[in-house]
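The values are calculated or read from the model by the stated rules, or taken from the named source; none is laboratory data. No experiment lies behind these values; they were computed from the predicted model shown. As a convention, Cβ positions derive from the backbone with ideal geometry for all residues, glycine included, and neighbour counts pool all protein chains shown.
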Amino acid sequence: MTLEEIEKRVKILEDVEEIKKLQAYYVSRINPPKWNEIKDCFAKDAIFDTYAGRVRGIDLIEKILTENIAQIHKGQFAVFIVQPIIEVDGDKAKASWGLVELLPEKLKMPFMQGDPPNWVYGPYDMEYVREHGKWKISYLKWRSDII
């Protein structure tokens, strides 16, 4: 292996680690909620696609976080991100993660039947872009079978 090949591999490993830190930072700002800090995780024209709606652009992302998602996330959940699969290609990357939320009480939704769970799992489909030397979320999609 040449020095150039080693440098390329090390750079990819550094990028993967930065993306992991970005994702962990984002999730840590959901519970307890720190909405004003979350928007810094996103690229200017990012797409945010969750049960609360699909929007594009940092201003609309901030709005959906503070007006919709804030009604559910009030700092009472324990949140874990697991099983990252991250692929870096230059200044872009794609990833999938699992998100597990432990709820303070059983989740009750009108459409649910039987004994509801006290946890939620859903996959994150993510894309990232390097802006001004820093990784940012350019696409976030999260769904759960329960919500």
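Give the residue that is nearest to F80 (Cα to Cα), with candidates limited to residues of segment 1-45 that are outside any helix (DSSP H, G or I) and polar (S, T, N, Q). Here the residue is N31.
In segment 120-143, the residue that is surrounded by the most Cβ atoms within 10 Å (Cβ to Cβ) out of those that are at pLDDT 95 or above and aromatic (F, W, Y) is Y128. Among the criteria (1) within 16 Å of the chain's Cα centre (by Cα); (2) at pLDDT below 95; (3) among the aliphatic types (A, V, I, L, M), the one V16 does not fulfil is (2).
Of everything in segment 47-58 that is β-branched (V, I, T) and in contact (Cβ under 8 Å) with a residue 60 or more places away in the chain, the residue that is nearest to K141 (Cα to Cα) is T50.
Quick grid of which residues meet (1) surrounded by 14 or more Cβ atoms within 10 Å (Cβ to Cβ); (2) aliphatic (A, V, I, L, M); (3) in contact (Cβ under 8 Å) with a residue 40 or more places away in the chain:
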| residue | (1), (2), (3) |
| --- | --- |
| E7 | no, no, no |
| K11 | no, no, no |
| D15 | yes, no, yes |
| R29 | yes, no, no |
| P33 | yes, no, yes |
| D45 | no, no, yes |
| L60 | yes, yes, no |
| L65 | yes, yes, no |
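Set side by side, the residues Q71, Q23 differ, and just one is out of contact with any Leu (no Cβ under 6 Å at 6 or more places or on another chain), surrounded by 11 or more Cβ atoms within 10 Å (Cβ to Cβ) and polar (S, T, N, Q), which is Q23.
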